[in-house]
């Protein structure tokens, strides 16, 4: 299975790194989220490529794509949909919202109110939504790529902990290097480059990969290493939950698969640890990295 998809994975990373320059680790982690079936949150200042990366990921994945630009006046019904009265047949009909897609780009998600943000909770956890007591299953696979701006900017709301926990990883692109920014200035626009992208995967392949990722092997030694990490975080105020430990496991399995291995090594856990845990423990990426370093010393 690994060798069957290795060429497509290499092409996926190659294509996305043409658009997002000098951010190979972030793009690899984003692909790991897709293969692990986990949602991803990009957090950065405006104009650093969050939306560009999200759009490129959706096109390369070959899935149906929908985008919501969140604003402070949005309602939950603007996301999920609403029951509307059909005057001709005298019945209520459900008009589906933009969440009924395979890849949802939730752009600037923290610019809407917490009540509207919470409309995504059931969808991200169970792949379904409930409106007026009726449950509707979302298309599969269902993947949320969300972007958010720093909280010090006006018009932003903090995501509740329950929603942050729904994201497998939180990633940040940061400023580009000087050489990368120079290339950006010389190249054609990112929108034109995105329009030229051809899908690398399709829905059937993504679902198959997500099932196969769960079979990537973890040895007893690797499991003990993972449990040591979890115990170390629990000496602090905000320790890692069991859900968080499971998130590290599946993320490491996906990362190992991308590295063309059918088994997880401790390096895989180290590569995903900060992106998976920092937002769950309410700490900075630097603090999460210190937790990792402490276990390495023990």
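The values are calculated or read from the model by the stated rules, or taken from the named source; none is laboratory data. Quantities reported herein were computed from a predicted structural model and do not represent experimental measurements. With ideal geometry, Cβ positions are generated from the backbone for all residues, glycine too; neighbour counts draw on all protein chains shown.
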Restricting attention to region 192-214, the residues that are out of contact with any helix residue (DSSP H, G or I) (no Cβ under 8 Å at 6 or more places or on another chain) and within 25 Å of residue 127 (Cβ to Cβ) number exactly 6
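Which ones in region 180-193 are within 23 Å of the chain's Cα centre (by Cα) and either crowded, with 17+ Cβ neighbours inside 10 Å or not in a helix (DSSP H, G or I) (or both)?
Selection gives 190 alone.
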Hey, residue 96 surrounded by 12 or more Cβ atoms within 10 Å (Cβ to Cβ), more than 20 Å from the chain's Cα centre (by Cα), farther than 24 Å from residue 274 by Cβ and modelled with pLDDT of 85 or more or not:
yes
Region 36-53 - residue that is crowded, with 23+ Cβ neighbours inside 10 Å and part of a helix (DSSP H, G or I) and, of those, modelled with the lowest pLDDT
50
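Return the residues of region 54-86 that are farther than 23 Å from residue 149 by Cβ and buried (at least 22 other Cβ atoms within 10 Å of the Cβ); say none if nothing qualifies. Give the steps one after another, and end with the answer.
Keep residues of region 54-86 that are farther than 23 Å from residue 149 by Cβ, which gives 59-64, 77, 80-86.
Matches in region 54-86: 60, 61, 63, 80.
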If we only count strands (runs of 3 or more DSSP E) wholly inside region 89-179, which ones have 2 or more residues that are touching a helix residue (DSSP H, G or I) at 6+ places or on another chain (Cβ under 6 Å)?
103-107, 128-131, 143-148, 167-171
Tell me, please, whether a residue that is closer than 22 Å to residue 26 by Cα and in a strand (DSSP E or B) can be found in region 56-68.
yes
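Conditions (1) part of a loop (DSSP other than H, G, I, E, B); (2) under 30 Å from residue 261 (Cα atoms), marked per residue:
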position	(1), (2)
197	yes, yes
209	no, yes
237	yes, no
240	yes, yes
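If I filter region 212-233 down to residues being touching a strand residue (DSSP E or B) at 6+ places or on another chain (Cβ under 9 Å) and closer than 20 Å to residue 33 by Cβ, which single residue comes out as surrounded by the fewest Cβ atoms within 10 Å (Cβ to Cβ)?
Result: 218.
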Here the qualifying pairs (Cβ atoms under 6 Å; residues six or more apart or on different chains; first in region 66-87 and on the phi > 0 side of the Ramachandran plot; second part of a loop (DSSP other than H, G, I, E, B) and surrounded by 14 or more Cβ atoms within 10 Å (Cβ to Cβ)) come out as 81/97
